[in-house]
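Quick notes on the structure that follows.
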Amino acid sequence: METTGRNPAKLIALACPACGADLAGLAVDRVFGCVPCRTAYSVETDGLRADPLVAWEPEEPGPHVFLPLWEFEVDASVAIPGARGGSGGAERVERFAGPRVWVTAFDLRGRSRFGDPGGNLTRRQAELRIRKAGRLPAPAGARLPRSAAGDIAPVQVLAAVDARVDVLGGRVDMTVRSVRLALVPFVLLGDAGVREPSGGPAYPPAAIPDLVAVRRAQGV
Amino acid sequence: MTARLARFQCPTCGALLRSDPTEGAVPCDYCGRRSATADPLASSPRSYIAPAVDRSSAALAFRRLLVESGVLPASLRGGIEPVDLRPAWVPFHVARAIRVGVVERPPAETIDFEMDAAVESVGGARSVSIRATRRERPEPDRAKVVLADVECAVAAVRRPGWGIESLAPGAMLSRGASQRSHDPDEVRRHGAVLAADIGPEEALRRLAGEAGLSGTTLVAPSLRTVLVPVWRLRYRVQGCLYDATLDAVEGRLPAARAPEDDRRRIPVAVAYVGVAALLFGLVGRGTWWLLATAGGAHVWLAIACAMLVLLGLFGSYAWDVVRYDAERVLSGGSVLSEYVNRPRSTGVQRLLESLLEGLARAGRRRVED
């Protein structure tokens, strides 16, 4: 039997580097939050990576559960190549109309069946008000670290620019102006799951395995 | 087997961590601060699928399913004597990632035609002319933006004869089984967790292989361990011990082994010999016709060889049935018959093989000549 005296995996203390407070989040999360500092910390291979943490103000009545999504403010354009085969064609450059790209940070199952809140919010360019005053809800359920969200954001831009099911693909030129982790208020539908804000689609509990744990963490 | 023991220290106070940080963020018993592994693939949070079949239900289900599945002959139904019924957890490595990118789709194979029909009257007669022209259409879009979840589960243990390959945690969950986060006490109450002898990198490797589409990449790969509960029954039939596995979530029987009914041996052997005799007779009757039309020594030789092959084939079947004990094995949803202690090839088979080989050699020589 082999024993090792040192840590085979590097451990990172989940304490806010700014204020020293314990970071909030579920045990399985990869992004934790410091509520007093309003900062989200992604656990990356080289340590903690800080990004602003915000919560959106609920606009609809009813109990809400705040699910985390990455929100990128970008300047982006997509260069779509012309038709292939036959005569070819000139490259068409389309500008991404909206300033925001959303990437779902919580564990989402059945993306192709139930839909993706990140994609929906990117297409709709939902305008929500940031909660300025008061305490933030406890961040919980953020599984996707910032670096991985950065890999997904260009694909969301591509899908939003050409909303057809079939597109010719293309090259995304994207300049990221700012990134933050947004706690988005989803309307709680009891045992039927949650509904996206501003009249978006509903997601059953099976689509969000961490829903019960997030509700417990936020006291909903 | 070499087990690797790791000692984890709290990065804040240096105390030894009692909980396993590879299962997620864990608190230090001394300072209370939580810590997490920096490498997402170094952590593999455990969860388990709640068992739905208790001990008494499992015992009843085994008796019923052994007969229903056809693995235990109905005549031996009353002869089962349970020896041991043990619960166990089978660990599965589940790798998960998001596949992103653009995937090229093959071009559509359809050809469109435009049909023009014209009716003309010439004299009193009417003629209809139809003209078909290929319709030009723009090149169809041939790519699709992909943003999809991919998942791959691999059993972390090798247990031949357990039927583990037919257990699928993902399918169980999609059919309504409930998954719970790891609770050591609850898990221990059901049974022992089988020691893993396959690493989680196998699941990651297979996931990368499945998602091997050009233009896509796997983002945010993660690992988790899912424990699937099973019941393992050892039972005695006709003085011999046999094992069977019962899936403790859905009550299915993935693997079982039972003896063949000995009383069937002689009738089956007689049936084989009977079929051989019937074919022998049929071939013999056809011989007169062949001799009448073709004649010659080579026809006689061919007929004699065919008869010998038939007799040898069915004779070897009959010999196997009489000579060797047989067992029925349930694996992958089908029941197969296996001879116990039977050599890879019996004497009759070796004789047949050498005869066929000799014939083939003779044929080749004739072609060469």
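Quick notes on this structure:
- Residues listed by number, the range A:25-43, amide nitrogen under 15 Å from residue A:130 label point at 7 Å toward C-beta: A:37-40
- Residues B:206, B:33 in ascending order of nearby Cβ atoms (within 10 Å, fewest first): B:206, B:33.
- With all pairs of separate Cα atoms included, chain A yields a Kirkwood hydrodynamic radius of 18.7 Å.
- Peptide A:141-147 - average C-beta neighbours from other chains (10 Å radius): 2
- Nearest-0.05 FRET efficiency for residue A:112 and residue B:195, computed from C-beta distance (R0 35 Å): 0.45
- Length released on extending from residue B:300 to residue B:179, taking residue separation times 0.36 nm less the Cα-Cα span: 36.5 nm
- Each label was represented as a point 7 Å from its Cα along the Cα-to-Cβ direction; for residue B:57 and residue A:46 these points are 5.3 nm apart.
- Helical content alone sets the calculated 222 nm signal of chain A at -4500 deg cm²/dmol, taking -39,500 (n - 2.57) per DSSP H segment of four or more residues and averaging over every residue.
- Residue B:324 versus residue B:13: modelled label distance in nm, points set 7 Å from Cα along the beta carbon direction: 6.6
- Charge dipole of chain A (Cα centre as origin; +1 on each Lys and Arg Cβ, -1 on each Asp and Glu Cβ, all else neutral): 140 debye, rounded to the nearest 20.
- Using the Cβ-Cβ distance between residue B:86 and residue B:261 with R0 set to 30 Å, the FRET efficiency works out to roughly 0.65.
- 10 Å Cβ neighbours from other chains, averaged over peptide A:25-32: 6
- This ranking places B:334, B:43, A:178 by how few other beta-carbon atoms lie within 10 Å of each, fewest first, which gives B:334, A:178, B:43.
- Distance in nm between pseudo-label sites at residue A:18 and residue A:57 (7 Å out along the Cβ direction from Cα): 2.2
- For a label point 7 Å along the Cα-to-beta-carbon line of residue B:20, residues of the range B:148-182 with backbone N under 20 Å: B:152-159, B:169-170, B:179-182
- Fully extending the segment from residue B:361 to residue B:30, taken as 0.36 nm per residue of separation minus the present Cα-Cα distance, adds 111.0 nm.
- Ranked by how many other Cβ atoms sit within 10 Å of their own Cβ, fewest first, the residues B:99, A:92, A:177 fall in the order A:177, A:92, B:99.
None of the figures in this text is laboratory data; all of them are computed from the coordinates on show. Since the model is a prediction, treat every value here as computed from it, not as a measurement. For neighbour counting, all protein chains shown are included, and Cβ atoms are generated from backbone atoms with ideal geometry for every residue, glycine included.
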